[in-house]
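A quick write-up on the structure given underneath.
The values are calculated or read from the model by the stated rules, or taken from the named source; none is laboratory data. Fair warning: this is a prediction, and the values are worked out from it, not measured in the lab. All Cβ positions, even for glycine, are placed from backbone atoms using ideal geometry, and neighbour counts span all protein chains on display.
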Amino acid sequence: MEKVYLGVGSNMKPVFQVERALLLLKKSVKVAGSSTFYWTSALGHPEQDPFLNGCWKIETELSLLDLKEGVLERIEEDLGRRRTEDKWADRPIDLDILLWGDRVEECEAWTLPHPDIRNRPFVAIPLLELDPDLRMPDTGERLASLEAALESEGMVPAEPVISRLKEMVIEEEHR
């Protein structure tokens, strides 16, 4: 089983969409953890509704391509995600592979580790919560030493969403 970390975000009915995404994801992989989720301002379009952002830790035997195209992109599509030229557009759900074990690779479809880990606190901080000992596979540096992992300004914990998502993960473990 591969240990994989996913970034999750939504600003269109975000609580509903994130919960739906988790339910759909649990049909294909083992969800082993859910971080704190945070309300953050929309990047690139401050007039947009805020985003709900966090991370999930999963375990899977799927290939990277099967997870990305067969599971994550299918969930995004099922929940109404339509990719446009505007990379800052509103979105019902965004699911990104952040880390896949110790893999380091770059192609047209993905970059591992995901570049947002180094420059977006709403990615780095939830990752660090899921695994305080994480190291960046490309450099070996500790995630806890990254500047993005140290700056939480503008991030508001999304209670009671956090508790509900963590309960949904625990429910899976007790089946």
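Computed values, structure above
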quantity	calculated
Pair list, Cβ < 6 Å and 6+ apart or interchain, from the range 60-76 residues that are touching a residue at least 12 places away in the same chain (Cβ under 8 Å) and of a type in the set (Phe, Trp, Tyr) to residues that are loosely packed, with under 14 Cβ neighbours inside 10 Å and not in a helix (DSSP H, G or I)	none
Exclusive hit being of a type in the set (D, E, K, R) and in a strand (DSSP E or B), set Glu59, Glu69, Glu85	Glu59
Selection from the range 3-55 of residues that are under 14 Å from Pro157 (Cα atoms), among the aromatic types (Phe, Trp, Tyr) and assigned to a strand (DSSP E or B)	Tyr38, Trp39, Phe51
Residue that is in contact (Cβ under 8 Å) with a residue 60 or more places away in the chain, of a type in the set (Asp, Glu) and over 17 Å from Leu52 (Cα atoms), where the choices are Asp94, Asp131, Asp116	Asp131
Qualifying residue in the range 123-134 (condition: among the charged types (D, E, K, R), exposed (fewer than 12 other Cβ atoms within 10 Å of the Cβ) and farther than 21 Å from Lys13 by Cβ)	yes
Helices (runs of 4 or more DSSP H) fully within the range 100-175 counting 3 or more residues that are closer than 22 Å to Ala32 by Cα and in contact with a Phe, Trp or Tyr (Cβ under 8 Å, 6 or more places away or on another chain)	121-130, 161-173
Filter pass, Met168 being modelled with pLDDT of 95 or more and among the hydrophobic types (A, V, I, L, M, F, W, C)	no
Residue within the range 63-70 that is surrounded by 20 or more Cβ atoms within 10 Å (Cβ to Cβ) and under 16 Å from the mean Cα position of the chain (by Cα) present	yes
Test: Ser145 is among the hydroxyl-bearing types (Ser, Thr, Tyr) and either within 26 Å of Leu23 (Cβ to Cβ) or in contact with a helix residue (DSSP H, G or I) (Cβ under 8 Å, 6 or more places away or on another chain) (or both)	no
Flag if Ser35 is more than 15 Å from the chain's Cα centre (by Cα) and closer than 23 Å to Thr111 by Cα	no
